[in-house]
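Working notes for the structure below.
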Amino acid sequence: MDAKKFYTLPDLPYGANELEPYISEAQLALHHDKHHMAYVKGANAVFEAMEKARADERDFDVKATLKELSFHIGGHLLHSLFWANMAPAGKGGGAPKGRLAEALDEEFGSFERFRKEFSKAAASVEGSGWAALTFCRMTERPIIMQVEKHNTNVYPMFGILLVLDLWEHAYYLDYRNERPKFVEAFWNIVNWEEAERRLDNVLRA
Ligand code: MN
């Protein structure tokens, strides 16, 4: 049997200083290298612990273990989406085009209205969590999802087009307690082309 696979930390798709001045190199490097890595290691550690328990034919707390696993895998996957849906300063921002632009116009009335609702979702996440733009395959409608921690309030099967990390570890070095300023800065580095690609994949699936 082949060796079992584990999660790995993806490289940032740009230099750690390329999101400046919106996200500083120190903030981004800490977030990616330490915080994201902790979820990768956390998920892999859970797999190793389960494997050991199974090999020893020893019971483990299945409920608590699965909760921990969901937290770490959710964290890993959301961060992986997050890095890729940002683009270097000067290359990101603006507004989406094509099918995504149409879907946002149809649902929210305008891109500006979508942006306002998404910003409110982001600013009002209780404690640690995420805001996400998602797409329901059944209704073919975009829906804003507010995720608590990394895994609470997630809608299964929804395609995720865009995520924004609202944990304090995402912005505290740069913005301290001023989360709305971080949310405003984010709009300058959104990679809409990536969000459009994700929508294409959702529609094709
Ligand atoms: Mn984070």
LEU199 vs. criteria under 14 Å from the mean Cα position of the chain (by Cα), buried (at least 18 other Cβ atoms within 10 Å of the Cβ) and either away from the ligand (no atom under 15 Å from the Cβ) or in a loop (DSSP other than H, G, I, E, B) (or both)
no
Determine, yes or no, whether GLY98 is under 23 Å from ILE189 (Cβ atoms), in contact (Cβ under 8 Å) with a residue 12 or more places away in the chain and either over 19 Å from the mean Cα position of the chain (by Cα) or open to solvent by less than 10 Å² (accessible area, probe 1.4 Å) (or both).
yes
Count of region 79-95 residues which are within 18 Å of LYS41 (Cα to Cα) and more than 16 Å from the ligand (Cβ to nearest atom)
0
Select from region 130-145 the residues that are over 23 Å from ALA87 (Cβ atoms) and open to solvent by less than 70 Å² (accessible area, probe 1.4 Å) and write down the one among them that is nearest to the ligand (Cβ to nearest atom).
ILE143
Can you pull out every residue in region 1-35 that is within 16 Å of the ligand (Cβ to nearest atom) and among the hydroxyl-bearing types (Ser, Thr, Tyr)?
TYR7, TYR22, SER24
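The rows are residues; the columns are (1) in a helix (DSSP H, G or I); (2) at pLDDT 95 or above; (3) under 23 Å from HIS31 (Cα atoms).
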residue: ARG99; (1), (2), (3): yes, yes, no
residue: GLU107; (1), (2), (3): yes, yes, no
residue: LYS116; (1), (2), (3): yes, yes, no
residue: ALA132; (1), (2), (3): no, yes, yes
residue: VAL154; (1), (2), (3): no, no, yes
residue: MET157; (1), (2), (3): no, no, no
residue: HIS169; (1), (2), (3): yes, yes, yes
residue: PHE182; (1), (2), (3): yes, yes, yes
residue: GLU193; (1), (2), (3): yes, yes, no
Name the pairs whose Cβ atoms lie under 8 Å apart, with the first residue in region 156-174 and without any contact (Cβ under 8 Å) to a residue 40 or more places away in the chain, the second away from the ligand (no atom under 15 Å from the Cβ), and 6 or more positions between them or separate chains?
MET157/ARG137; PHE158/THR134; PHE158/PHE135; PHE158/CYS136; PHE158/ARG137; PHE158/ILE143; PHE158/MET145
Name the pairs whose Cβ atoms lie under 9 Å apart, with the first residue in region 47-63 and surrounded by 12 or more Cβ atoms within 10 Å (Cβ to Cβ) and at pLDDT 95 or above, the second among the basic types (Lys, Arg) and part of a loop (DSSP other than H, G, I, E, B), and 6 or more positions between them or separate chains?
PHE47/LYS4
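The values are calculated or read from the model by the stated rules, or taken from the named source; none is laboratory data. Since this is a predicted model, take the numbers as computed values, not measurements. Positions of Cβ are backbone-derived with ideal geometry, glycine not excepted, and every protein chain shown enters the neighbour counts. Note: accessible area is taken over every heavy atom of the protein model, side chains too, but ligands, DNA and RNA are not part of it. Shrake-Rupley method; radii C 1.70, N 1.55, O 1.52, S 1.80 Å.
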